[in-house]
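The values are calculated or read from the model by the stated rules, or taken from the named source; none is laboratory data. Owing to the predicted nature of the structure, the values given are computational and were not obtained by experimental measurement. A quick note on method: Cβ atoms are made from the backbone with ideal geometry, for glycine too, and the neighbour counts reach across all protein chains shown.
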């Protein structure tokens, strides 16, 4: 026999741990808009702290609903289909409207979604993005002059699509009625901040304990480890050289200019790269450019010719040959906007 859930039992599960909290006047209402290929980790990391807060207090502190563009189930990035409550144009929006994005965001942000979000923003609702949800907020035209973030993997593609907007590399951002996070477990960091500010430190801490999180990240924390940690070395000259290169991917590579900037010889830089990374500086720079090219092809509708230029290649054919050698596929076939390739055997 199927158990019939009342509104309270849907949002408040039974548990052993308990936190005493004075009765609340009304719950915080959240509408999650699921984009095709959204990231399940970001979505679950956002919704579970709310569920746990309800469970710990025995109260409906949060209510939520899930929406899609047409009210049909949405497949997330791992292929699992997720049922939704309604289409976003047929449901009365909640206090918070959170767009959960994922892979290939440029391909899945529609004009209809952007227009609807802009309407919710104008009506005074708090609008946010999880993972690559910032693409939808940009489409809505509500990010100009705001602090916001999205997953680090999508930063380059976002900047090419929206060159007048500059995302932060923070784990999450709260700017008045715009809230965004980088996805993954950063969604839990964002929700823990919301719980802390609304219901207090004791409940926030216990929710964190229930999630088995041992450290609460703050808004300004970086998404990824430092360059030194990624390289596995604290050699200052090498770190400075790579930072110099990463800032000049679109420019012709000039190792002598890099050496002059660091105040060392060209040979010293070559020795540093060989000792710590096992590659020559030019090889390292080529890998940086190809990784950027891969990101732009995956996340934007740029032509292969334009991607080659954005990655510092003098010719499209050189870029295509190098891309195929590294990734085993032509840039034209790799791009999910393949029909936009262009000339020169792309």
Checklist entry - Does residue 125 satisfy the criteria of being over 20 Å from residue 189 (Cα atoms) and surrounded by fewer than 23 Cβ atoms within 10 Å (Cβ to Cβ)? => result yes
Checklist entry - Before we move on, is residue 60 assigned by TED's automatic domain parsing to the domain that holds residue 150, touching a helix residue (DSSP H, G or I) at 6+ places or on another chain (Cβ under 6 Å), assigned to a loop (DSSP other than H, G, I, E, B) and under 26 Å from residue 207 (Cα atoms)? => result yes
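Please return the ranges of helices (runs of 4 or more DSSP H) entirely within the stretch 211-325 where 2 or more residues are within 30 Å of residue 190 (Cβ to Cβ).
Fully inside the stretch 211-325 and qualifying: 227-231, 236-246, 281-299.
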Checklist entry - Which of the residues that make up the stretch 20-58 are crowded, with 19+ Cβ neighbours inside 10 Å and more than 29 Å from the chain's Cα centre (by Cα)? => result 56, 57
Next on the checklist: Checking the structure you have, find out if any residue of the stretch 239-259 is farther than 21 Å from residue 287 by Cβ, out of contact with any strand residue (DSSP E or B) (no Cβ under 8 Å at 6 or more places or on another chain) and at pLDDT 90 or above.
Outcome noted: no
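For every residue, the table says whether it meets (1) surrounded by fewer than 17 Cβ atoms within 10 Å (Cβ to Cβ); (2) modelled with pLDDT under 95; (3) over 16 Å from the mean Cα position of the chain (by Cα).
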| position | (1), (2), (3) |
| --- | --- |
| 91 | yes, yes, yes |
| 97 | no, no, yes |
| 100 | no, no, no |
| 105 | no, yes, no |
| 130 | no, no, no |
| 138 | no, no, no |
| 158 | no, yes, no |
Checklist entry - When you look at residue 174, is it in the same structural domain as residue 100 (by TED's automatic domain parsing) and crowded, with 17+ Cβ neighbours inside 10 Å, yes or no? => result yes
